[in-house]
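The values are calculated or read from the model by the stated rules, or taken from the named source; none is laboratory data. All values reported here derive from a predicted model rather than from experimental measurement. FYI the Cβ positions are ideal-geometry reconstructions off the backbone, even for glycines, and counts take in every protein chain you see.
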Amino acid sequence: MHFPIMIAMKKRMISVFFLLFFHFNINAQVNVADSLALVDFYNSTNGESWNNKKNWLNGKVNEWFGVTVTNNRVTGLSLVNNLVDGVLPNSFGNLTAINAIYLSNNKIKGTIPASIGNLSALSFFYLNNNQLEGNLPNELGNATSLREIHIEHNKLSGNIPVSLRYLATVIELVLSHNQLSGNIPGELGDLRVQRLELNNNQLSGEIPERLKIIRNLNILKLNNNQLSGEIPAGLLPIICFMVDLSSNQLSGNIPSDLGNNTTMAHVNLSNNQLTGEIPPTIGNMSGLQTLELNNNQLSGNIPSSFDKLNRLSSLNLMNNQLSSTLPDGLCSLPNLDFLELSNNQFTFDGLECIGSKQRSSPFANYAYDNQKTLQLNFADLKISLSAGGSLPNNTYYFYKDDELLNTVKGDSSLTVSESGKYRVEVTNDKIDRLTLHSYTIEVNISTILPLQWIEFTAKDCSNKVCLQWQTENEQNTSYFEIERSTNGSIFDRVGTQTSYNNPDKHTYRFTDYTPVNGLNFYRIKQVDIDGVYTYSNTVNVKISSENTITITPNPADNFVMLSGISKAEKILIYNVEGKLMNQWSNINGNQRLNIANLRNGIYIIKIFADKKENNYKLIKQ
C-alpha cells in the first residue's frame, strides 16, 4: 500500500538531481550561494524583459551580461539602464564577496532588503533613479567596506539611520530626491565623507553642529528640505568646494567664518530667512566663483571687500533689503558675467558703472530693476528728492495728479504753486534698465499736513503678503488703515494699526494672510485725530500659487473644510497670541474639521501641503 508513495519520492529525487546537475553545470565552479542569488534576482526582476540578458541562466556565470567573477566568487553586478523591473530578493545578501553593485536607472521597486548588511566586501552601491520605497535599513551600517552610496531619486521615507555612522570608509553618501524625514543625525559627523547630499527630502530640525567635524568634506547639499535654526559656526569653513543650503527655513546671520574658506567655489544660501548684513570676510574667499544669497532678508550694503573676488562669475542678491552704494570695484571684476540685484533698496549710486559695463560687454547678464521707492520732500513750495548717481545723468519726470507736469534734466527739485498729488520718476542715461519712483505726496498749499511717508513695500512671504512702511514727523495722527484691491481702483480695508503720533521715524509692519491668487494692490490710509486723512502710494505684489487653498466656510461656526488640495500633511490652528489650539494630521480635501471648541474670534490656520506652508486667517463666530 506504500508503493505509490515510494514512486513519488523516487521521482522527486530524480528531479532534484537534474536541477543540481543543471546548476553546477551553468555555474562552472562559481560559488553555489552566489549563483543561486543571481538566479533569484533574475526571476524577481523580470529578467526575460531586460534590455540585455545575454547568457543569463545559460553557460558560465562569468559570461552572464553585467556579472564579474573573481576567484569563483561574484564580485560585480552592473545592469545600468537595463529595464530591471521588480524587487531585490533577500538572497541578494548572500553575495558576500561582491564589491560593486550598479543598478541605476531601472524600475526596481519595493524595499532595500536588510540582508544588504551582510555584504561586507561591498564598496560601490548604486541604486539611484529607481522606484524604491520604505526605510533605509539599519543593517546598511554593517556593510563597513562601503565607499560610495548612491540611492538618490527614489521614494525612500522615514529617518536616516544612525547606524550609517559606522561606515568609516564611505566617501560619497547621496540620498537626495527621496521622501526622507526627521532630523539629520548628528552622528554623520563621525564620517569622513567627501560628498554628502541629502537635498530634496523632507528633513526638518536644525543642521547638526557635529557635521563640522567631518574631514575632507568637498560637497554638502542640504537644499530643498524643511531645516530651521541658524547655520552652525564652523561648518562652512570645512567645506572644500560647494555648499547648498538653499530653500529651507534657516534664520539668523550668515556666519562670518565663511570668509575663512579660500577653496570654496560655490555657495548657495538662497530662499531662506537669513537676516543681518553680508559678512565683509567673504571678500577673502579667493576661490569663490558663484554666490547665491537671493530671497532672504539681508540688509545693509554689499561689502567693499567684494572687489577682491577675481574668480567670481555669478552673484545673485535679488529679493533682499540691501541698500547704500555699490562697491566701486564690483563692475571691474574680470569674470563677473551674471549679476542679479533686483528687488532691493538701491538708488543710482554705484549702478552707473554696472550699466556701462552691461552695454559694452556681450557676456554680461545684469539685472537691477525694482529698487528703492524714493522719499519725496516738500518745503518752501518745492518738491525734491535724492536718486543718487551723477546729477547730470539723471532725468526727472514730475507728475501732478498722474499727469506729466514737467521734465527736468539734472535738477531734482521743482517749485509748485498748486495743491495736488505729486510723484516723480527718475531715469539715468547710463542705467537704461532702471526707473526709480517716488512715493506720492498730497500737497495742500494752504495747509500742509505734517506726516511724511518715507517708504512702503510689499513682498510675497510664502503666499502671504508682508507689508512694511515708514513714517516721520507724525503730528495729530491717530491710526493707519491697510487697504487692499484686486484691480487697483476699488480698495477694501484689511487691517488697522494705531500710530505712534510723535516726530520720530517709525516702522510699521502688517501681514495679509489671505491675499488673492494673482495681483494684490495695497495702500495705507493715515487718519488724523480730527478725521483728516492722507494716502500712501500704491504698491502691488503678485501671488502665484499652483494649488489655491480655500477654507470654507469663513467665517465659520463649528467646522471648516479645505478645498483646492487633495491632502494636507498637517493642519495647525493658533490664536492671535500664538497659542496652538487645534491640530490634525493627514487630512483629505473637503474633510470636515471640528472647531466647536474655539471661542469666537480671529485665528491663524497653518496648512502644510505639497512641501509648502500656507497661512490663512480664520474667523470663528
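Asp460 fulfils the conditions (1) farther than 25 Å from Gln345 by Cα; (2) within 30 Å of the chain's Cα centre (by Cα) except for a single criterion, (1).
When the stretch 197-221 is examined, which residues are found to be small (Gly, Ala, Ser) and under 14 Å from Ser246 (Cα atoms)?
Within the stretch 197-221, just Ser204 meets the criteria.
Scanning the stretch 310-341 for residues that are assigned to a loop (DSSP other than H, G, I, E, B) and buried (at least 19 other Cβ atoms within 10 Å of the Cβ) turns up Leu312, Leu317, Met318, Asn319, Asn320, Leu326, Pro327, Leu333, Leu336, Leu341. On the stretch given as the stretch 197-217, residues that are buried (at least 19 other Cβ atoms within 10 Å of the Cβ) and not in a helix (DSSP H, G or I) total 9.
Out of all the residues in the stretch 432-465, which are in a strand (DSSP E or B) and either among the charged types (D, E, K, R) or touching a Phe, Trp or Tyr at 6+ places or on another chain (Cβ under 6 Å) (or both)? Talk me through it step by step, then tell me what you get.
Step one: list which residues in the stretch 432-465 are in a strand (DSSP E or B), which gives 432-438, 441-443, 452-460, 465.
Within the stretch 432-465, Asp432, Arg433, Leu434, Ile441, Glu442, Val443, Trp453, Glu455, Phe456, Ala458, Lys459, Asp460 qualify.
Condition check ((1) out of contact with any helix residue (DSSP H, G or I) (no Cβ under 7 Å at 6 or more places or on another chain); (2) charged (D, E, K, R); (3) assigned to a strand (DSSP E or B); (4) modelled with pLDDT of 95 or more) across all residues:
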{"position": "Leu122", "(1), (2), (3), (4)": "yes, no, no, yes"}
{"position": "Phe125", "(1), (2), (3), (4)": "yes, no, yes, yes"}
{"position": "Asn130", "(1), (2), (3), (4)": "yes, no, no, yes"}
{"position": "Leu136", "(1), (2), (3), (4)": "yes, no, no, yes"}
{"position": "Leu140", "(1), (2), (3), (4)": "no, no, no, yes"}
{"position": "Ser145", "(1), (2), (3), (4)": "yes, no, no, yes"}
{"position": "His153", "(1), (2), (3), (4)": "yes, no, no, yes"}
{"position": "Ser157", "(1), (2), (3), (4)": "yes, no, yes, yes"}
{"position": "Leu164", "(1), (2), (3), (4)": "no, no, no, yes"}
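Residues in the stretch 127-152 that are surrounded by fewer than 20 Cβ atoms within 10 Å (Cβ to Cβ) and of a type outside the set (S, T, N, Q): Glu133, Gly134, Pro137, Glu139, Gly141, Arg147, Glu148.
Check whether at least one residue in the stretch 354-374 is over 29 Å from Leu312 (Cα atoms), hydrophobic (A, V, I, L, M, F, W, C) and surrounded by 15 or more Cβ atoms within 10 Å (Cβ to Cβ), and report yes or no. Show your work before the answer.
Kept after step one, since they are over 29 Å from Leu312 (Cα atoms), are these residues of the stretch 354-374: 373-374.
Checking the rest, the ones that are also hydrophobic (A, V, I, L, M, F, W, C) come to 374.
Applying the additional criterion that residues be surrounded by 15 or more Cβ atoms within 10 Å (Cβ to Cβ) yields 374.
The answer is yes; a qualifying residue exists.
Flag: Cys466 does not match the condition of being out of contact with any strand residue (DSSP E or B) (no Cβ under 6 Å at 6 or more places or on another chain), assigned by TED's automatic domain parsing to the domain that holds Leu519 and under 30 Å from Lys606 (Cα atoms). Within the stretch 45-74, being crowded, with 19+ Cβ neighbours inside 10 Å and polar (S, T, N, Q) holds for one residue alone: Thr45. Filtered by the rule that a residue be surrounded by 11 or more Cβ atoms within 10 Å (Cβ to Cβ) and β-branched (Val, Ile, Thr), the stretch 408-427 gives Val408, Val416, Val424, Val426, Thr427. Taking the stretch 540-558 as the range and being surrounded by fewer than 17 Cβ atoms within 10 Å (Cβ to Cβ) and outside any strand (DSSP E or B) as the test, the residues that pass are Ser544, Ser545, Glu546, Asn547, Thr548, Pro553, Asn554, Pro555, Asp557, Asn558. The single residue among Val174, Val193, Val243, Val162 that is under 30 Å from Val87 (Cα atoms), assigned by TED's automatic domain parsing to the domain that holds Ser123, among the hydrophobic types (A, V, I, L, M, F, W, C) and surrounded by 23 or more Cβ atoms within 10 Å (Cβ to Cβ) turns out to be Val193. Residues that are part of a strand (DSSP E or B) and either in contact with a Cys (Cβ under 8 Å, 6 or more places away or on another chain) or of a type outside the set (Asp, Glu) (or both) within the stretch 421-431 comprise Lys421, Tyr422, Arg423, Val424, Val426, Thr427, Asn428, Ile431, listed in sequence order. Pairing each residue of the stretch 281-299 that is in contact (Cβ under 8 Å) with a residue 24 or more places away in the chain with any residue that is among the acidic types (Asp, Glu), provided the two are 6+ apart or on different chains, yields C-beta distances under 8 Å for Thr281/Asp257; Gly283/Asp307; Asn294/Glu340; Leu298/Glu277; Ser299/Glu277.
Looking only at residues that are within 20 Å of Phe346 (Cα to Cα) and of a type in the set (Phe, Trp, Tyr) in the stretch 419-457, which one is modelled with the highest pLDDT? Outline the logic, then answer.
Start the filter on the stretch 419-457 by keeping residues that are within 20 Å of Phe346 (Cα to Cα), which leaves 423-440, 453-457.
Filter again for of a type in the set (Phe, Trp, Tyr), leaving 439, 453, 456.
Numbers: Tyr439: 94, Trp453: 82, Phe456: 90.
By that ranking, first place goes to Tyr439.
Looking across Asn537, Asn520, one residue alone is outside any loop (DSSP other than H, G, I, E, B) and outside the structural domain of Ile607 (by TED's automatic domain parsing). It is Asn520.
In the stretch 570-608, the residue that is modelled with the highest pLDDT out of those that are loosely packed, with under 15 Cβ neighbours inside 10 Å and among the charged types (D, E, K, R) is Lys570.
On the basis of being among the hydroxyl-bearing types (Ser, Thr, Tyr), part of a loop (DSSP other than H, G, I, E, B), farther than 25 Å from Lys308 by Cα and out of contact with any helix residue (DSSP H, G or I) (no Cβ under 7 Å at 6 or more places or on another chain), does Ser417 make the cut? Considered against the rule, which asks whether it is among the hydroxyl-bearing types (Ser, Thr, Tyr), part of a loop (DSSP other than H, G, I, E, B), farther than 25 Å from Lys308 by Cα and out of contact with any helix residue (DSSP H, G or I) (no Cβ under 7 Å at 6 or more places or on another chain), Ser417 comes out as yes.
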